[in-house]
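Engineer: Take this structure first; my questions come after.
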Amino acid sequence: MKAMILDKQRRPLRQADLPCPKPGLGEILLEVHACGVCRTDLHVRDGDLQQPKLPLILGHEIVGVVVEKGANAEGFALGQRVGVPWLGRTCGHCGYCASGRENLCDAAQFTGYTLDGGYAEYALADARYCFVLPDAYTDAEAAPLLCAGLIGYRALAAAGDAKRVGIYGFGAAAHIIAQVARWQGRELYAFTKPGDAAGQAFARELGAAWAGDSSAAPPQEMDAAILFAPVGALVPQALRHTAKGGTVVCAGIHMSAIPQFPYSILWGERSVRSIANLTRHDGEAFLELAPKAGVRTEVQTFPLASANEALEQLASGRVRGAAVLLMGEHGNGRRQRGR
Ligand SMILES: [Zn+2]
Ligand SMILES: [Zn+2]
């Protein structure tokens, strides 16, 4: 099978021909149709996340169909379309797993990080951690739901019942979760890199009441802010615009250092928290909600062999919505854009 391999961190991916893997106990083998390209993939490639399996196949937003089942792999039929998320496997018995917080499992394994992922024509997954995907979405449209959507959803839930929500960094996760927030009747303020007029226009198209530079003040105090941009300096900036009792949610897996800030901007029962990974419950809840809320994903697709280009475009902020790799005949070599 063709795959894009990370041999070593801080190197471009290499195109390789590998033997197709065989499903082990509880695993399914998928013919991959599409795989989303996530900011976390950049953090793995660039060495911000330091424990990858190497060599590694990146990619944790996998859409494929089941072509082979290992012993005891249950829940999916041959030929069925499934989605594979970042949470690849957990221990099932540690304190976190036993208390409904499998996202924090000490022994968790992660797709496209400690397990091979979906930048390939075939991929293995533990069937217990895969999802049925809503029919309303094509393969390419469904891919970004599996991380950008899920993590965004968990971050929005961490904002509680906040009415006015700020979103810093208007990429793949924000473009999905903005639609959910609007559907829930919340008011949305979108913050982009200074001067990113296209990003701000995109946010307004998706229902943001206000969009501006990350250095700007919103028209009103916010009840919560969600940070998708991996920029620690945004934490005190967001806190300064968050009302008493409000929460600043850091949704990324990696962030630059948070600068020192005065206690007065945290005072008033404001909180700063992170969200980590996902639980299967998050996935089931979000994938049921997304079509009901009318969530549409905007994707920019690339053939598998152009994975390095997709990563570069994501790194430089040139992707509108989400970047997605298409495999085999699903990627016809031409870049497409569409809903
Ligand atoms: Zn565990
Ligand atoms: Zn991701």
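Engineer: In the set 156, 146, which member is at pLDDT 95 or above and either in contact with an Asp or Glu (Cβ under 8 Å, 6 or more places away or on another chain) or of a type outside the set (A, V, I, L, M) (or both)? Break it down into steps so the answer makes sense when it comes.
Structural biologist: Working: 156 fails: either in contact with an Asp or Glu (Cβ under 8 Å, 6 or more places away or on another chain) or of a type outside the set (A, V, I, L, M) (or both).
One residue alone meets the criteria, 146.
Engineer: Quick one: which of 187, 221, 205 is more than 15 Å from the chain's Cα centre (by Cα), farther than 18 Å from residue 241 by Cβ and open to solvent by 30 Å² or more (accessible area, probe 1.4 Å)?
Structural biologist: 205
Engineer: Taking the condition of being in contact (Cβ under 8 Å) with a residue 12 or more places away in the chain, surrounded by fewer than 19 Cβ atoms within 10 Å (Cβ to Cβ) and more than 15 Å from the chain's Cα centre (by Cα), how many residues in the range 307-329 meet it?
Structural biologist: 4
Conditions tested, residue by residue: (1) over 20 Å from residue 239 (Cβ atoms); (2) touching a Pro at 6+ places or on another chain (Cβ under 7 Å); (3) β-branched (Val, Ile, Thr).
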position	(1), (2), (3)
164	no, no, no
169	no, no, no
172	yes, yes, no
184	yes, no, no
207	yes, no, no
212	no, no, no
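Engineer: Okay, next question. Could you grab me the full set of residues in the range 76-95 that are surrounded by 14 or more Cβ atoms within 10 Å (Cβ to Cβ) and closer than 19 Å to residue 132 by Cβ? Give the derivation first.
Structural biologist: Of the residues in the range 76-95, the ones surrounded by 14 or more Cβ atoms within 10 Å (Cβ to Cβ) are 76, 80-91, 94.
Correct list: 76, 80, 81, 82, 83, 84, 85, 86, 87, 88, 89.
Engineer: Right, residue 211: over 30 Å from residue 328 (Cβ atoms), hydrophobic (A, V, I, L, M, F, W, C) and either in contact (Cβ under 8 Å) with a residue 60 or more places away in the chain or surrounded by 22 or more Cβ atoms within 10 Å (Cβ to Cβ) (or both) or not?
Structural biologist: Numbers: over 30 Å from residue 328 (Cβ atoms): yes; hydrophobic (A, V, I, L, M, F, W, C): yes; either in contact (Cβ under 8 Å) with a residue 60 or more places away in the chain or surrounded by 22 or more Cβ atoms within 10 Å (Cβ to Cβ) (or both): yes.
The answer is yes for residue 211.
Engineer: Just wondering, is there one or more residues in the range 124-137 that are over 22 Å from residue 18 (Cβ atoms), more than 16 Å from ligand 1 (Cβ to nearest atom), assigned to a strand (DSSP E or B) and open to solvent by 50 Å² or more (accessible area, probe 1.4 Å)?
Structural biologist: Looking through the range 124-137, at least one residue is over 22 Å from residue 18 (Cβ atoms), more than 16 Å from ligand 1 (Cβ to nearest atom), assigned to a strand (DSSP E or B) and open to solvent by 50 Å² or more (accessible area, probe 1.4 Å).
Conditions (1) open to solvent by less than 10 Å² (accessible area, probe 1.4 Å); (2) among the basic types (Lys, Arg); (3) touching a strand residue (DSSP E or B) at 6+ places or on another chain (Cβ under 8 Å), marked per residue:
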| residue | (1), (2), (3) |
| --- | --- |
| 35 | yes, no, yes |
| 57 | yes, no, yes |
| 99 | no, no, no |
| 110 | no, no, yes |
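Engineer: Determine, yes or no, whether residue 137 is more than 14 Å from ligand 2 (Cβ to nearest atom), among the aromatic types (Phe, Trp, Tyr) and farther than 28 Å from residue 293 by Cβ. Give the derivation first.
Structural biologist: Working: more than 14 Å from ligand 2 (Cβ to nearest atom): yes; among the aromatic types (Phe, Trp, Tyr): yes; farther than 28 Å from residue 293 by Cβ: no.
Taking the combined requirement at face value, the residue does not satisfy it.
Conditions (1) charged (D, E, K, R); (2) farther than 18 Å from residue 157 by Cβ; (3) modelled with pLDDT under 95; (4) open to solvent by 20 Å² or more (accessible area, probe 1.4 Å), marked per residue:
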site	(1), (2), (3), (4)
263	no, yes, no, yes
267	no, yes, no, yes
283	no, no, no, no
286	no, no, no, no
293	no, no, no, no
301	no, yes, no, no
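Engineer: So, one more: Of all residues in the range 70-127 being aromatic (Phe, Trp, Tyr) and within 19 Å of the chain's Cα centre (by Cα), which is farthest from ligand 2 (Cβ to nearest atom)? Give the derivation first.
Structural biologist: As a first pass, look at the range 70-127 and keep what is aromatic (Phe, Trp, Tyr): 76, 86, 96, 110, 113, 119, 122.
Pick out the ones that are also within 19 Å of the chain's Cα centre (by Cα) and you get 86, 110, 113, 119.
Details: 86: 6, 110: 10, 113: 10, 119: 13 Å.
Here the answer is 119.
Engineer: Would you be able to tell me the number of residues in the range 259-276 that are over 20 Å from residue 173 (Cβ atoms), part of a loop (DSSP other than H, G, I, E, B) and not aromatic (Phe, Trp, Tyr)?
Structural biologist: 7
Engineer: Take the conditions under 24 Å from residue 249 (Cα atoms), within 19 Å of the chain's Cα centre (by Cα) and not acidic (Asp, Glu) and apply them to residue 160. Does it pass? It would help to see each step written out before you state the result.
Structural biologist: Values: under 24 Å from residue 249 (Cα atoms): yes; within 19 Å of the chain's Cα centre (by Cα): no; not acidic (Asp, Glu): yes.
The answer is no for residue 160.
Engineer: Additional query: Among the residues of the range 131-144, is any touching a His at 6+ places or on another chain (Cβ under 9 Å) and on the phi > 0 side of the Ramachandran plot?
Structural biologist: Within the range 131-144, not a single residue is touching a His at 6+ places or on another chain (Cβ under 9 Å) and on the phi > 0 side of the Ramachandran plot.
The values are calculated or read from the model by the stated rules, or taken from the named source; none is laboratory data. Small disclaimer: the values here were computed from a predicted structure and weren't measured. Quick reminder, even Gly has a Cβ in these numbers, built from the backbone with ideal geometry, and neighbours come from all protein chains shown. To get the accessible areas, we keep the full protein, side chains included, count just its heavy atoms, and leave off ligands, DNA and RNA. Shrake-Rupley method; radii C 1.70, N 1.55, O 1.52, S 1.80 Å.
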